[in-house]
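What follows is a single structure, written as structure tokens, with notes after it.
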Amino acid sequence: MSSLITIVRNKFLEAIRSVNPPGRWKILVVDEHSQKLLGSVLKQFDILEENVTLIESISNYRDPQPEFEAVYLLMPTTQNVDRIIRDFTNHKQYAAAHLFFIEGIKSLIGGRLTSSQAEPHLQGLKELFVNFWATEAQTFSQQDPSLFFSIYSPPRTEAAHKVARDRLEEDLRFTSKMITNVCITLNEFPYIRYYMPPNHLPLGPLKPNPTTRPPPPPESSSRWRTNLARGADARAYESVETDFVTKLLAFMVQSNLEEHKKANPEFAKTDHSRPRATLLITDRAMDMVAPFIHEFTYQAMANDLLPIEDGVRYTYKFQSSVGAYEDKTATLNDSDAVWTAVRHMHMREAIDKLMADFNKFLEENAVFKGEGAANLNDMKEMLANLPQYQEQREKFSLHLSMAQDCMAIFERDKLPLVANVEQCCATGLNAQGKTPKGLVEEMVPLLDSREVINASKVRIIALYIQYRDGVPDEDRRRLYQHARLTLPEQDAINALVHMGVKISRGPNDKETKKKMKQKVNNEEEYELSRFKPAITTMIEDQVADKLEMSLFPYVRDAPSAIPLQASSLRSPPPQATSLRSQKPAWHRAPKSAVVPDNRQRVLVFIAGGMTHSEKREVYQLSSALNKDIFIGSTHVCTPRQMVDDLKVLDLGGAGSKAIPNGLRDRREGRRPYQDYYDEKYFTKEAAPRPSQSSLPTPAAHKIVSPSPTSSFQGSINSLTPSAKEDKKKKKGLFRF
């Protein structure tokens, strides 16, 4: 299947390559956000190789370059449109302008361009629809953790309900545009299904409240009793109780796609070789077990236990060839082949594979004679003696360091004992597949222990409360006492009520209706990895046509409504034995079968944050179910982040890492979407143009005009000394 990163990269390259001025060289103009999106999938060198002589920021002071044509790659904000117009008003900044907007531009501000003085210089305008972060081959993100608070933080006063709902609807509209961009990029107009929680009312600002609810219908006559007879007023009054964040988001995405299809009739033309995709929209509240459980696959475990910044940057101790240790920061992404090969393996399998690959590396390079590395410490000693293989040394050193640190924390924090209790709570079964007995007797000593950190105790109690479907208030207080939790840690557990979790239980309370039936994974080899996130069941049931309509209704048409001939194109449901995680198979030779490039797609979006375990499941299910499955969210959340965010959920995120000052305050009521968008992507203007008489042009801003005979030809293999010197000069032309 095609990597989402590759698809986005190619869209950017196609846009840049489509501009071929007579003089061959061109200038690329970006803004702060478009530059970050571009940099997430392309290196600076890759851009310069496309006959780009200079990259400029539209918000900076720029010297006029009337001899070069410019490629503008920008967010479609009113501010950027004004800047483009300014570039061609009363002077000529460039010979011509080729406009590429990161996503769809509103006709209102687009019209300002065509009616301005810049219009004669505009050579073309295209919308790319790539305003999302392609973080991995099969994952995408909005990278906005503040939306967790926008979705789930309860309004603190009665008067704040309407403001909070207006703010949330703005955020959801923006999120729906991001999901729409992914669909357009994949050229898919999917069936859309959304999660309808059976166990709680809408949460956060969507919770039914008199200030946001339409007035009740008049009951003037006894004969108007049915909902149908009472009409639109009654339906509007009652619909508030089903205004879940997933439903609002699903209908917004449907509307966006229909609008795009109307403007672009060729969009998502039926490809008879690839069945139509399905988009499943759910939210974090559907599964509040996954964010708390200790996972022991490499990526999930490392992001849980180690200080990995934003899930991609890790600083570790690297032993140089002279034996000295130095700090090194590595980037964990799809360009690291070692990382992608082991990230979804259980830690034990990952270490075994690292050892096997390292010993194979030694054999192939004949560095050592005799036996290879027998354990991680052997690897560490041998790596220090491989200065001539710098790149391989760094990769093996990185993952060796991460694996060692994870295992040290695993033993130090008593995670084998902690994880056993967690698995029993999460699955409702012990390792033998029976209802756990004596769970409290196992749990309380861990809560009392000073060797178990408080963060683990919070996670145990949160999972136990969910397992019991709430506990009496007195029992919860005693659990807090045993664990010696701080008040903020207690707040984190108490805040689960805002996530639709029942935390308090009375003697006469009935059982809560379960959200998703948890399937028992009897094939899992590791006792501490029996739990599977709820999205696993959701995706398997969707592919097998067993996903309940009441739990996941369709927004518009359903596959059963399409003609029989088209429906026959759908892949047959896979055998049940292939749906579960397989035994380790990394050491076997790869199968010769090539994955077809026309498999049906399943898109999953989780509002409020996705976990690394859910990302892993998507990769494994893609292989097991023979589907191209992509997963996205507002952001990726780790267990540590989830606990920290729950601590301040009642405070609207005030004090959180994402929004230290809390949710933005809005008092002006609803506003046009373009105003919201302009505010989100507002960038400060650079200092005014310096006076020619008083200030010389800084050396960094001088333009090096390329020579027609320059060795900068766009070939990465051209490594002559003159080419190297040219490339070094080009690097200095970036103004960020």
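Table: residues versus (1) of a type in the set (Lys, Arg); (2) at pLDDT below 90.
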position: Trp339; (1), (2): no, no
position: Arg348; (1), (2): yes, no
position: Lys353; (1), (2): yes, no
position: Phe358; (1), (2): no, yes
position: Phe361; (1), (2): no, yes
position: Phe368; (1), (2): no, yes
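Would you confirm whether any residue within segment 473-490 is at pLDDT below 95 and either open to solvent by 70 Å² or more (accessible area, probe 1.4 Å) or assigned to a loop (DSSP other than H, G, I, E, B) (or both)?
Here is the first cut: in segment 473-490, the residues at pLDDT below 95 are none.
No.
In the list Thr611, Thr537, which residue meets the criterion of being within 30 Å of Gln299 (Cα to Cα), open to solvent by less than 70 Å² (accessible area, probe 1.4 Å), at pLDDT 85 or above and touching a Cys at 6+ places or on another chain (Cβ under 8 Å)? Working first, answer last.
Details: Thr537 fails: touching a Cys at 6+ places or on another chain (Cβ under 8 Å).
Exactly one residue qualifies, and that residue is Thr611.
Of everything in segment 140-172 that's open to solvent by less than 10 Å² (accessible area, probe 1.4 Å) and more than 20 Å from Gly500 (Cβ to Cβ), which residue is farthest from the chain's Cα centre (by Cα)? Taking the candidates together, the pick is Phe140.
Search segment 242-288 for residues being in a helix (DSSP H, G or I) and surrounded by fewer than 19 Cβ atoms within 10 Å (Cβ to Cβ), and hand back the single one that is nearest to the chain's Cα centre (by Cα). Only one residue tops the list, namely Phe251. The numbered conditions (1) at pLDDT below 95; (2) open to solvent by less than 70 Å² (accessible area, probe 1.4 Å); (3) within 24 Å of Leu147 (Cβ to Cβ) are all true for Asn227 except (3). Applying the condition of being of a type in the set (Asp, Glu) and closer than 16 Å to Pro416 by Cβ to segment 432-466 and asking which residue is most open to solvent (accessible area, probe 1.4 Å) yields Glu451.
Consider segment 93-111 and keep the residues that are surrounded by 16 or more Cβ atoms within 10 Å (Cβ to Cβ) and without any contact (Cβ under 8 Å) to a residue 60 or more places away in the chain. The one that is nearest to Glu617 (Cα to Cα) is Phe101.
Rundown of residues vs (1) charged (D, E, K, R); (2) touching a helix residue (DSSP H, G or I) at 6+ places or on another chain (Cβ under 6 Å); (3) without any contact (Cβ under 8 Å) to a residue 60 or more places away in the chain; (4) in the same structural domain as Lys457 (by the TED database), yes/no style:
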site: Leu603; (1), (2), (3), (4): no, no, no, no
site: Thr611; (1), (2), (3), (4): no, no, no, no
site: Glu614; (1), (2), (3), (4): yes, yes, no, no
site: Ser622; (1), (2), (3), (4): no, no, no, no
site: Leu625; (1), (2), (3), (4): no, yes, no, no
site: Gly655; (1), (2), (3), (4): no, no, yes, no
site: Gly669; (1), (2), (3), (4): no, no, no, no
site: Tyr676; (1), (2), (3), (4): no, yes, no, no
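Here segment 652-679 is the region considered, the condition is being open to solvent by less than 80 Å² (accessible area, probe 1.4 Å) and assigned to a helix (DSSP H, G or I), and the residue that is farthest from Pro488 (Cα to Cα) is Gln674.
Exactly one residue out of Val458, Val452 is β-branched (Val, Ile, Thr) and in a loop (DSSP other than H, G, I, E, B), and it is Val452.
Provide a single number: the residues in segment 293-349 that are closer than 22 Å to Val618 by Cβ and in a loop (DSSP other than H, G, I, E, B). The number of residues fulfilling the criteria is 16. Before we move on, is Val312 open to solvent by less than 30 Å² (accessible area, probe 1.4 Å), under 25 Å from Phe140 (Cβ atoms) and at pLDDT 85 or above? Judged against the criteria, Val312 is not a match.
Summed over segment 38-74, the residues that are in contact with a Leu (Cβ under 9 Å, 6 or more places away or on another chain) and under 29 Å from Leu4 (Cβ atoms) give a count of 15.
The values are calculated or read from the model by the stated rules, or taken from the named source; none is laboratory data. None of these values were measured; they are calculated from a predicted model. We place every Cβ from the backbone using ideal geometry, glycine too, and count neighbours over all the protein chains shown. For the accessible areas, the whole protein counts, side chains as well, though only heavy atoms, and no ligand, DNA or RNA atoms are used. Shrake-Rupley method; radii C 1.70, N 1.55, O 1.52, S 1.80 Å.
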